[in-house]
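Student: Before I ask anything, let me first share the structure, which is written out below as structure tokens.
The values are calculated or read from the model by the stated rules, or taken from the named source; none is laboratory data. Note that this is a predicted model, so its numbers are computed, not measured. Cβ atoms come from the backbone with ideal geometry, glycine included; neighbour counts cover every protein chain shown. Heavy atoms of the whole protein, side chains included, go into the accessibility calculation; ligands, DNA and RNA do not. Shrake-Rupley method; radii C 1.70, N 1.55, O 1.52, S 1.80 Å.
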Amino acid sequence: MTNYILKRLGQGLLTVFLTVSTVFILIRMAPGDPAVSYAGPLATSEQLAAVREQFGLDRPVLEQYWIFLQQLFTGNLGTSYSFQAPAMQVVAERMPYTLTLATASILLAAVVAIPLGVWMSRRPDTGKELGVNVLTIAGQSMPDFWTGIMLLTGFAVLIPLFPASGFATWGGLVLPTITIAILQIALISRMVRREMTANFAAPYLTVARSRGVRNSVLTWRYAMGNSAIPVFTALGTRFAAMLNGVVVVEVVFAWPGVGSLIVRALETRDYPLIQATVLLTALLAVAVQLLIDLAYPLLDPRVRLGKAATA
């Protein structure tokens with residue numbers, strides 16, 4: 001187990017390093033000048049030169065990369081151009097909002113999608129199952145921005161039950177959570193249905209049914225027990241993706257999270273802020289994936305991570 005954890009940690013850190021290095025190169029290849037974004041379009045050439053010197057943008061790219069590596073291993077990625085504060089501090093202040101939104105969305109998705117998927121698997125090829133299947137396909141097909149705008153129009157404008165933007169109260173969490181969860185419910189419920197249907201047709205379940213085991217035990221202990229790992233993996237993977245910031249939803253609802261922050265950083269060519277956002281979200285995503293792997297033996301005692309690591 002220890003060797004497996006160390007191996008996965010090494011793989012995760014290598015992934016994070018390659019990710020932030022790739023982002024470092026790509027943002028400098030992209031069109032646009034951070035000095036112009038900082039000083040404004042009316043700035044003189046002397047003012048632009050002073051800004052580039054202030055932020056080290058006048059140095060060769062290789063020298064900038066070497067400085068970036070030094071900052072990376074010290075945990076200080078420099079000062080944000082637009083906020084004039086340490087970039088990591090700015091991202092860390094926004095991360096709790098994204099964590100709150102991601103946690104609420106994945107919990108709502110799990111609470112709705114798992115029972116819904118089980119319900120569909122128990123009624124294959126029926127009119128009710130077909131109707132719910134059509135709804136899940138529709139939920140999977142609707143863009144987040146359209147869903148968010150419709151919810152805003154219906155429940156913040158026409159019927160003002162919830163705030164339209166921000167996170168001043170807990171009510172502001174409702175609409176963005178539902179917007180994100182609709183797609184996740186559609187995806188996860190269809191996966192649960194597929195896994196449960198396959199398990200219901202398995203020989204071991206036929207034997208258990210012939211022995212008179214109750215349907216509730218067949219469903220939740222036997223079939224769901226064998227479906228737990230793929231479903232849990234899907235939930236964890238979707239949660240890790242949300243940590244990168246659900247950009248469209250955060251922009252639609254003016255949510256003060258990482259997604260809206262990265263949009264502003266890209267608009268202003270704020271290199272330190274972009275790099276700090278990618279670093280922190282990549283570290284969190286790797287940590288979530290490691291926790292998912294470590295949870296496998298709890299879901300299925302047949303899984304042995306130590307043996308898998310040495311195989």
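Student: Out of (1) surrounded by 18 or more Cβ atoms within 10 Å (Cβ to Cβ); (2) touching a Gly at 6+ places or on another chain (Cβ under 9 Å); (3) under 19 Å from LEU243 (Cα atoms), the odd one out for THR147 is which?
Tutor: (3)
Student: Between residues in segment 27-52 that are under 18 Å from PRO272 (Cα atoms) and touching a residue at least 60 places away in the same chain (Cβ under 8 Å) and residues that are open to solvent by 60 Å² or more (accessible area, probe 1.4 Å) and of a type in the set (A, V, I, L, M), which pairs lie under 7 Å by C-beta distance while being six or more apart or on different chains?
Tutor: That search, which allows pairs on different chains as well, returns ARG28/VAL61.
Student: Can you tell me which residue among LEU69, LEU9 is closer than 25 Å to VAL258 by Cα, touching a residue at least 12 places away in the same chain (Cβ under 8 Å) and either in contact with a Ser or Thr (Cβ under 9 Å, 6 or more places away or on another chain) or part of a helix (DSSP H, G or I) (or both)?
Tutor: Just a single option satisfies the conditions, and that option is LEU9.
Student: Quick one: count up the residues across segment 64-85 that are under 24 Å from the mean Cα position of the chain (by Cα) and under 30 Å from PHE253 (Cα atoms).
Tutor: 2
Student: Tally up the residues in segment 168-197 that are under 17 Å from ALA113 (Cβ atoms) and either more than 23 Å from the chain's Cα centre (by Cα) or not aliphatic (A, V, I, L, M) (or both), please.
Tutor: 10
Student: Shifting gears a bit: Step by step: first the residues of segment 1-15, then only those that are surrounded by 12 or more Cβ atoms within 10 Å (Cβ to Cβ) and among the hydroxyl-bearing types (Ser, Thr, Tyr), then the one that is nearest to ILE292 (Cα to Cα). Which residue is that?
Tutor: First, the residues of segment 1-15 that are surrounded by 12 or more Cβ atoms within 10 Å (Cβ to Cβ): 1, 4-5, 7-9, 11-13, 15.
Narrowing further to those that are among the hydroxyl-bearing types (Ser, Thr, Tyr): 4, 15.
Details: TYR4: 13, THR15: 17 Å.
So, considering only residues that are surrounded by 12 or more Cβ atoms within 10 Å (Cβ to Cβ) and among the hydroxyl-bearing types (Ser, Thr, Tyr), the one nearest to ILE292 (Cα to Cα) is TYR4.
Student: Considering only segment 36-48, state which residues are open to solvent by less than 50 Å² (accessible area, probe 1.4 Å) and either on the phi < 0 side of the Ramachandran plot or of a type in the set (D, E, K, R) (or both).
Tutor: ALA39, ALA43, LEU48
Student: Something else now. Give just the number: which of (1) assigned to a helix (DSSP H, G or I); (2) in contact with a Ser or Thr (Cβ under 8 Å, 6 or more places away or on another chain) does PRO163 not satisfy?
Tutor: Among (1) assigned to a helix (DSSP H, G or I); (2) in contact with a Ser or Thr (Cβ under 8 Å, 6 or more places away or on another chain), PRO163 violates only (1).
Student: Going by the structure shown, is LEU108 under 23 Å from the mean Cα position of the chain (by Cα), hydrophobic (A, V, I, L, M, F, W, C) and in a loop (DSSP other than H, G, I, E, B)?
Tutor: Criteria not met by LEU108.
Student: Filter segment 293-311 for residues that are open to solvent by 70 Å² or more (accessible area, probe 1.4 Å) and not in a loop (DSSP other than H, G, I, E, B); which is modelled with the lowest pLDDT?
Tutor: Our first condition is that a residue be open to solvent by 70 Å² or more (accessible area, probe 1.4 Å); within segment 293-311, this holds for 298, 301-302, 304, 307, 310-311.
Checking which are not in a loop (DSSP other than H, G, I, E, B) leaves us with 298, 307, 310.
On the way: LEU298: 74, LYS307: 52, THR310: 39.
Per the stated criteria, the residue is THR310.
Student: Can you pull out the residues in segment 224-271 that are acidic (Asp, Glu) and open to solvent by 20 Å² or more (accessible area, probe 1.4 Å)? Before you say what the answer is, go through the steps one by one.
Tutor: Of segment 224-271, the ones acidic (Asp, Glu) are 250, 267, 270.
GLU267 - this is the single residue of segment 224-271 that is acidic (Asp, Glu) and open to solvent by 20 Å² or more (accessible area, probe 1.4 Å).
Student: Right, here's the next one. Scan segment 120-135 and tell me whether some residue there is farther than 15 Å from MET242 by Cα, aliphatic (A, V, I, L, M) and surrounded by 17 or more Cβ atoms within 10 Å (Cβ to Cβ). I'd like the intermediate steps shown before the answer.
Tutor: Let us first name the residues in segment 120-135 that are farther than 15 Å from MET242 by Cα, namely 120-135.
The next check asks that each one be aliphatic (A, V, I, L, M); those that pass are 120, 130, 132, 134-135.
Narrowing further to those that are surrounded by 17 or more Cβ atoms within 10 Å (Cβ to Cβ): 120, 132.
Yes, that holds for at least one residue.
Student: Quick one: ARG52 ticks every box in (1) farther than 30 Å from SER165 by Cα; (2) loosely packed, with under 15 Cβ neighbours inside 10 Å bar one, so which box is it?
Tutor: (2)
Student: Give segment 132-145 a look and list any residue that's assigned to a helix (DSSP H, G or I) and under 17 Å from GLY259 (Cβ atoms), or say none. Steps first, answer last, please.
Tutor: Looking only at segment 132-145, we keep the residues that are assigned to a helix (DSSP H, G or I), and these are 132-141, 144-145.
Scanning segment 132-145 gives ASP144, PHE145.
Student: Taking segment 185-217 as the search range and keeping residues that are more than 18 Å from ARG123 (Cα to Cα) and free of Cβ contacts under 8 Å to residues at least 24 places away in the same chain, which one is most open to solvent (accessible area, probe 1.4 Å)?
Tutor: Taking segment 185-217 as the starting set, the residues that turn out to be more than 18 Å from ARG123 (Cα to Cα) are 185, 187, 203-204, 207-208, 210-213.
From the residues that got through so far, the ones that are free of Cβ contacts under 8 Å to residues at least 24 places away in the same chain too are 203-204, 207-208, 210-213.
Details: PRO203: 102, TYR204: 81, VAL207: 82, ALA208: 5, SER210: 93, ARG211: 182, GLY212: 60, VAL213: 36 Å².
It comes out as ARG211.
Student: Would you check which residues across segment 24-33 are modelled with pLDDT under 85 and surrounded by 11 or more Cβ atoms within 10 Å (Cβ to Cβ) and list them?
Tutor: Answer for segment 24-33, where residues must be modelled with pLDDT under 85 and surrounded by 11 or more Cβ atoms within 10 Å (Cβ to Cβ): GLY32, ASP33.
Student: So which residues in segment 258-292 are farther than 20 Å from LEU72 by Cβ and outside any helix (DSSP H, G or I), if there are any at all?
Tutor: THR268, the sole residue that qualifies.
Student: Can you tell me which residue within segment 83-98, out of those that are open to solvent by 60 Å² or more (accessible area, probe 1.4 Å) and assigned to a helix (DSSP H, G or I), is farthest from ILE185 (Cα to Cα)?
Tutor: So, considering only residues that are open to solvent by 60 Å² or more (accessible area, probe 1.4 Å) and assigned to a helix (DSSP H, G or I), the one farthest from ILE185 (Cα to Cα) is GLN89.
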